[in-house]
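S.K.: Here it is, the structure, as structure tokens.
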Amino acid sequence: MKNFDAIKHVRGESQFVDDILVPQGLLYGYVFYSTIAHGKIKKLDYSNALKIDGVIDVITAKDIPGENQIGGIIQDENLFAEETVHFVGHPIALVVAENQLQAHAGARAIECGFEKLPAIFDPREAFEKGEVIVPPRIFSLGDVNKAWKECDYIVEGKVESGGQEHLYLEVQGSFAYPTEGNGIKIISATQNPTAVQRTSARVLGIPMHKVEVDVVRLGGGFGGKEDQATAWAVMTALAAKKLNRPIKLILPRQEDIRLTGKRHSYSSDFKIGLKSSGKIISYEVTFYQNGGAAADLSPAILERTLFHTTNSYYIPNVRATGISCRTNLPSNTAFRGFGGPQAMFVMESAIYKAAQVMGVDPSFIQKKNLLKEGDEFPYGQKTKNCRAVRCYEEVESRYRISEIKKSIDEFNQTNRLYKKGVALMPVCFGISFTTTFLNQASALVHVYTDGSVSISTAAVEMGQGVNMKLHHIAAKMFSIDPKRVKIDTTNTSRVANTSPTAASKGADLNGYATIDACEIILKRLKKVAADELKKEDPSKIEIKNEIIFYDGNKTELIWQKLINAAYLKRVSLSAQAHHATPNIYFDREKSKGEPFAYHVYGTAIVEATLDCLRGTYTIDSVKVVHDFGESLFPIIDKGQAEGGIVQGIGWMTCEEVMHDKEGKLLTDALSTYKVPDIHFAPKDIQINFLEDVPNPYGPFKSKAIGEPPFMYGIGAFFAIMNAMRSFRPKMEIELKAPLTPERVLLSLYSEIPELTLQNK
Amino acid sequence: MINFILNNKTISTDSPLGITLLDFIRKEEHLTGTKEGCREGDCGACTILIGDLIDNKVKYKSANSCLMPLGDVDGKHVVTIEGINQDELTPVQEALVDEGGTQCGFCTPGFVVSLTGYFLTHEAINPIEAIDSMNGNICRCTGYAGIKRAAIKSTSLFNGLKRISTEDLVNKKFLPDYFLEIPKRLIELQKLRDKSKSGNGLPDKRVLVSGGTDLYVQKWESLIDEDLFFISDVNELKGISIEDNRIKIGGATTVSEIENSPILQQYFPNLKNDLRLFGSIPIRNRATIGGNIVNASPIGDLTNILLALNSTLHLTNGKSKREIFLKDFYKGYKTLDKLEDEIIAAVSFRIPRENSFFNFEKVSKRTYLDIASVNSSMYLELSDGIIVEVHISAGGVAPIPLYLARTREFLLNKNISDEVISDAAEIATSEISPISDARGSAEYKTLLLRQLILAHFIKLFPELIDIGELV
């Protein structure tokens, strides 16, 4: 079966927000925002903006009929700043004009004066000054204090990981228009249509049923449109309501990067204790999360950091403290992995440094501590169907890791200016929203009289292939030609109270809901078929490739006739079903529970080559054995793995979010923020599906795939680090990502006294 | 009024010539397959093909429609994804679907156009070049693995075929058959061309647009209503020739034309490879040597190379002419020794002598499609082991593209040795005044320049150097 979405994509026929035909009388918006990181607004004069040709209005907080509040978890974020701005890029007004150029000109004409206040950008400084978003959280297992005494080695260190810009190719955008009876319709590029609906209703002061949000598809999300698509959608709704005109707001790329949050940068301290055997006895870690100016999803992201503190290892004594710090940057937000990668980078760094101290290969420690069946995580859940060891051993044997290491040693001995390095990266990632109530979804299935089928769910298609997976599930459930099935837009009037499409859970939750809704219709159809065939037992009816079988025997009845018969018999051909993940819970007071439906496992081998003269490197290959369960659509799952890996490598290497001393983003364009291109991505990426691993907790035995492969990219950091140490064996190891060519070169040549650095 | 063919449709329009082709395609023609991703030529989502009539044949090249003014397509054929689509998927499209080369789909039309353009612009096909044809396209979803598989798969359809023609591409359904009629249609269309918009002679007080690859990044909005003069097709400003023992390159010659010049390939065999580090293919198809020089960016790659060739600029205002060394052209940050009405007619430099060596080095955060943190070029002549002539440039380490005069003085008349090289690197780092910015800290840029000076010698004279002593 071909991917129906992909066919539209390659023809350029897929519609994104800015491609959809617009209603008459469309106006355009442009966001006017703060140019300082913290301060009081002393003057806001937009009279000159209104004089600009084509400018219709300037919308500010004063125009809000409801609440000026868009915070999700915590109500601490306004749509437009009123008295105080909290970061460079804090929206102050929306200029509305006949076209985009005029709206931009209008924004330039606004006169705004500030009185600066002290600003904080560093999470540790924020913590010292008491600027925390929520009280610190602690996850613990065993007793670390006692355990240190049992250790032969105790190693401490500091680890830094940088932010990451989502750089979805489609920028944030929305358009909205008024509908009859004080209503509003919003076409938004959001992963979270219900958040847009709920927040628009709150800001406009109208009930949710008057707000209809429709999402066709996103040109990439990666978490960046889970919480942060909302503001732009609400702005268009507000302006549309006030002016009674349709409004479109598409953020220009530079504004998109400046105004929206990133992956949280973290600064962390660790202490790890081991036996000489390599067994990790004790691990203590404190994570300082750079939350930005408002809570956004930071507390939930911090929580997932704590869940993934020990990555794929069993450690009997753990104490992990997470602190979400408030700084004067745009609120950092969800990004593929949702705090997990930051935790795993610290864990792997601790192992790496311990291995250096012990004089062993990090893989020696990794292997000694991999999770086994029944092992307990620091949050109390125990592993089930654990495949940590199997993936690790299978990737080692499939690619003959000892030979890889040997040939790298030979290369490094014979080359002076080029060095190679290799690293293994195991991953264990928990599947479910850790906020338990979000683990629900519903589906609405219609079968039309011509036999065609329409599916609406809570899932938003953003490239992860959820539409095609649902398409496949529905066609399989009814056993009909896939061409009869259409996955409809995600729409809050068709499917209500949706959870965001996030946490890798889109296909699981909505897949199950779709199965259930199809099942309801199937049950009715079987009864109709039995009646039509004058048979007794509907349970003996089966549909195979659109032909109706009874008791294993082919009949004359086919799908289309059956549907028509059902309609004439006045049997409902529509069904709605709701699915909630069973048996999960989490007690936030005790930080214990069974938050995950299951875990995903895998291991990667990452190889890199370093140019020791210039400080540049290539990531040569990534070889993976991954537990996909029984894949619903292998080419989609493979693509998710490949794409996640390259994004993870980007986070560890070339992607660097930089601010100046005033909190202004320096890397606000594709010319300064570099994501992997076709040549930077590894030449050789090999994804192997672990065999015979049905997952009892996923639709048709499948497993979630969106986030886990991202973390294989962490291996790139250590592969480069190994190459660097081959060149400079005594080099001091700085555990700081991204490992840009700058950091590499400065580390390799930290001791050249004759160098003239007077311009520093 | 300009006339051109957009896909299979002849367009006559009075729209402002300064609007971008991207906006014309999307907003006026409502062809939404071409996407806006960054408006700075750094993502490729807006990639289109431009077909130009040359000797009654249509030559195509890819370009970023976000940086291309509408006025520059007068008399040409513009191809968007819609102009490639047929009833069934083309082999390129089908391979992308089957190999998982598309996920969210936003960047995808740009990839399809680039890869299809590769087949249209190359007679001999190979998978490595096919992959490289997408060096201007960014995908955030796939990790490029499926895209590479698709490129390899689509090239395999031409295995064994030495030359492919437009007919072959139409027969194999890579292109719709209307492509076969385009040459005839363009010949008719070009008769309508208004020469005063882009023709002979130099204009007064009009804004000159060459490739537009930097101008349209900086100020596309303010160019819309300007009176623009397009010099990209002015023949007098184009071409590469040898005159009086010098290689002369017209000011409006594109980087792609430089890359593919037999003259330059003869004297600088590595130049084609060096220029792979310059922007992307669609950028190189549009960016010109004159633009690179007057833009005066301290990190311009061509400028850097030309400085080390001790190039001379040939300036003209249409009436009088003047020559100046490139190294004397830059007076300060973006300040030039150039009168307002002067343009760069050509750049020239001496043909390399026997026993001469040239090397270009560039390091950026991402190797391809990135701006240098530091770049450096060196030209050097040896006689009996003695350096008898040398020019070295350094980019990204001063407000201007820098000519390292003191380093040159030091190296002249010396033997190549570890000590000399090491001292030269030291002197080079004392000639510079880097600032810390998104491309690196001043400390890094200083160290990097040292490394690149060493790299010149290590690459050119490995047998004369003990690497262990230097690094």
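S.K.: Can you give the helix-only mean residue ellipticity at 222 nm for chain A, where every DSSP H stretch with n ≥ 4 adds -39500 (n - 2.57) and the sum goes over all residues, rounded to the nearest 500 deg cm²/dmol?
M.R.: The helix-only estimate for chain A comes to -9000 deg cm²/dmol at 222 nm.
S.K.: Which trypsin sites (Lys or Arg not before Pro) from segment B:280-357 combine a DSSP loop assignment with at most 14 other Cβ atoms within 10 Å?
M.R.: B:Lys319, B:Lys334, B:Arg353
S.K.: Tell me the accessible surface of A:Phe700 in square angstrom (1.4 angstrom probe, heavy atoms of protein chains only), to the nearest ten.
M.R.: Near enough 70 Å² of accessible area.
S.K.: While we're looking at this one, here's another question. Can you work out the accessible area per residue across segment A:139-278, with the rest of the protein chains kept in place, probe 1.4 Å, in square angstrom?
M.R.: 28 Å²
S.K.: Per-residue Cβ counts within 10 Å, from other chains only, averaged over B:429-440: what number is that?
M.R.: 4
S.K.: Next question, about the same structure. If you average the sequence gap of Cα pairs under 8 Å that are 6 or more apart and divide by the length of chain A, what percent do you get for the contact order?
M.R.: Taking the mean separation of contacting Cα pairs over the length of chain A, I get 14 percent.
S.K.: I need the shape label for segment B:2-190. Rule: rounded when a/c is under 1.5, else prolate if a/b > b/c, else oblate, with a, b, c from the alpha carbon gyration tensor.
M.R.: It comes out oblate by the Cα gyration axes.
S.K.: Separate question: Be a star and scan segment B:288-311 for residues whose amide nitrogen sits under 19 Å from the point 7 Å along the Cα-to-Cβ vector of B:Leu412.
M.R.: Zone members listed by number: B:307-311.
S.K.: DSSP loop trypsin sites (Lys or Arg not before Pro) in segment A:698-746 with at most 14 other Cβ atoms within 10 Å of their Cβ, which ones?
M.R.: Answer in residue order: A:Lys730.
S.K.: Helix-derived [θ] at 222 nm for chain B: sum -39500 (n - 2.57) over DSSP H runs of at least 4, divide by residue count, nearest 500?
M.R.: After summing the helix terms and dividing by residue count, I get -8500 deg cm²/dmol.
S.K.: Across peptide B:87-98, how many C-beta atoms of other chains are within 10 Å of each residue C-beta, on average?
M.R.: Average neighbour count from other chains, rounded to a whole number: 3.
S.K.: Further, regarding this structure: Tell me, in nm to one decimal, what length is gained between B:Lys172 and B:Val471 on full extension, where the rule is 0.36 nm per residue of separation less the Cα-Cα distance?
M.R.: Result: 102.2 nm gained on full extension.
S.K.: Shifting gears a bit: Where nothing but the Cβ of Lys and Arg (+1) and of Asp and Glu (-1) is charged, how large is the charge dipole of chain A around its Cα centre, in debye to the nearest 20?
M.R.: Here the size comes out at about 840 debye.
S.K.: Which of rounded, prolate, oblate describes chain B, given a ≥ b ≥ c as roots of the alpha-carbon gyration tensor eigenvalues and a/c under 1.5 marking rounded, otherwise prolate only if a/b is larger than b/c?
M.R.: Prolate, since a/c reaches 1.5 and a/b exceeds b/c.
S.K.: Using alpha carbons only, how many angstrom separate the centre of segment B:412-471 from the centre of segment A:159-182?
M.R.: With segment B:412-471 and segment A:159-182 each reduced to a Cα centre, they are spaced 45 Å.
S.K.: First measure r as the distance between the Cβ atoms of B:Gln265 and A:Gln24, then evaluate 1/(1 + (r/R0)^6) with R0 = 60 Å and state the FRET efficiency to the nearest 0.05.
M.R.: For R0 = 60 Å, the calculated efficiency reads 0.60.
S.K.: Can you list residues whose amide H is under 5 Å from A:Thr327's amide H, if they're 5+ apart or on another chain and H is modeled 1.01 Å from N?
M.R.: When sequence neighbours closer than 5 places are left aside, the close amide H contacts are A:Gly291, A:Gly292, A:Ala293.
S.K.: Taking A:Lys569 as the anchor, which lysines have their alpha carbon closer than 22 Å to its alpha carbon, excluding any fewer than eight residues away along the same chain?
M.R.: Straight-line reach from A:Lys569, under 22 Å: A:Lys523, A:Lys526, A:Lys527, A:Lys534, A:Lys535, A:Lys540, A:Lys561.
S.K.: Continuing with this model, one more query. Between their Cα atoms, which of B:Lys76/B:Lys362; B:Lys59/B:Lys162; A:Lys275/A:Lys419 are more than 25 Å away from each other?
M.R.: B:Lys76/B:Lys362; A:Lys275/A:Lys419
S.K.: With respect to the cross-link table entries A:Lys353/A:Lys590; A:Lys242/A:Lys664; A:Lys225/A:Lys372; A:Lys674/B:Lys61, which display a Cα-Cα separation exceeding 27 Å?
M.R.: Result: A:Lys353/A:Lys590; A:Lys242/A:Lys664; A:Lys225/A:Lys372 exceed 27 Å.
S.K.: Turning to a different aspect of this structure: Using a Förster radius of 41 Å, what is the FRET efficiency between A:Lys382 and A:Asn145 based on their Cβ-Cβ separation? Nearest 0.05, please.
M.R.: Calculated transfer efficiency: 0.95.
S.K.: Moving on to the next point. Scanning chain B for helices, which whole DSSP H stretches are 20 Å or more long along the axis (Cα) and average 0.5 or more by Kyte-Doolittle?
M.R.: B:442-460
S.K.: Taking 0.36 nm per residue of separation and subtracting the Cα-Cα distance, what length does fully extending A:Leu50 through A:Lys486 add?
M.R.: So the extension gain works out to 152.4 nm.
S.K.: Based on the alpha-carbon gyration tensor of chain A and its eigenvalue square roots a ≥ b ≥ c, which shape applies: rounded if a/c is under 1.5, prolate if not and a/b is larger than b/c, or oblate?
M.R.: It is oblate, given that a/c is not under 1.5 and a/b is not larger than b/c.
S.K.: Separate question: Could you give the distance between the Cα centres of segment A:470-502 and segment A:227-283, to the whole Å?
M.R.: 28 Å
S.K.: Between A:Ser276 and B:Ser15, what FRET efficiency comes out of the Förster formula 1/(1 + (r/R0)^6) with R0 = 60 Å and r the beta carbon distance, rounded to 0.05?
M.R.: With R0 = 60 Å, the Cβ-Cβ based efficiency is 0.20.
S.K.: Another question about this same structure. Please list, by residue number, everything in segment A:172-213 whose backbone N is under 20 Å from a paramagnetic label point 7 Å out along Cα→Cβ of A:Ala580.
M.R.: Backbone N within reach: A:194-195.
S.K.: Averaged across the residues of A:664-675, what count of C-beta atoms belonging to other chains lies within 10 Å of each residue's C-beta?
M.R.: Mean inter-chain Cβ contacts per residue within 10 Å come to 5.
S.K.: Another question, then. Run the simple label-point estimate for A:Glu115 and B:His30 please: 7 Å along Cα→C-beta, distance reported in nm.
M.R.: 5.4 nm
S.K.: Oh, and also: Give me the distance in nm between label points sitting 7 Å out from Cα along the Cα-to-Cβ direction at A:Lys534 and A:Met731, one decimal.
M.R.: So the two model labels end up 8.4 nm from each other.
S.K.: Run the simple label-point estimate for A:Tyr448 and B:Ile351 please: 7 Å along Cα→C-beta, distance reported in nm.
M.R.: About 7.3 nm separates the two model spin labels.
S.K.: Follow-up question, since we're still on this one. What ranking, highest mean first, results for peptides A:387-393, A:224-230 when packing means the other Cβ atoms within 10 Å averaged over each residue?
M.R.: Top of the packing list down: A:224-230, A:387-393.
S.K.: At 0.36 nm per residue, and after removing the present C-alpha to C-alpha distance, how many nm does the segment from A:Asp684 to A:Asp361 gain when stretched out fully?
M.R.: Answer, rounded to one decimal: 113.9 nm.
The values are calculated or read from the model by the stated rules, or taken from the named source; none is laboratory data. Because the structure is a prediction, the values reported are computed rather than measured. Please note: Cβ atoms are built from the backbone with ideal geometry, for glycine as well, and neighbour counts cover all protein chains shown. The accessibility values were calculated without ligands, DNA or RNA, using every heavy atom of the protein model including side chains. Shrake-Rupley method; radii C 1.70, N 1.55, O 1.52, S 1.80 Å.
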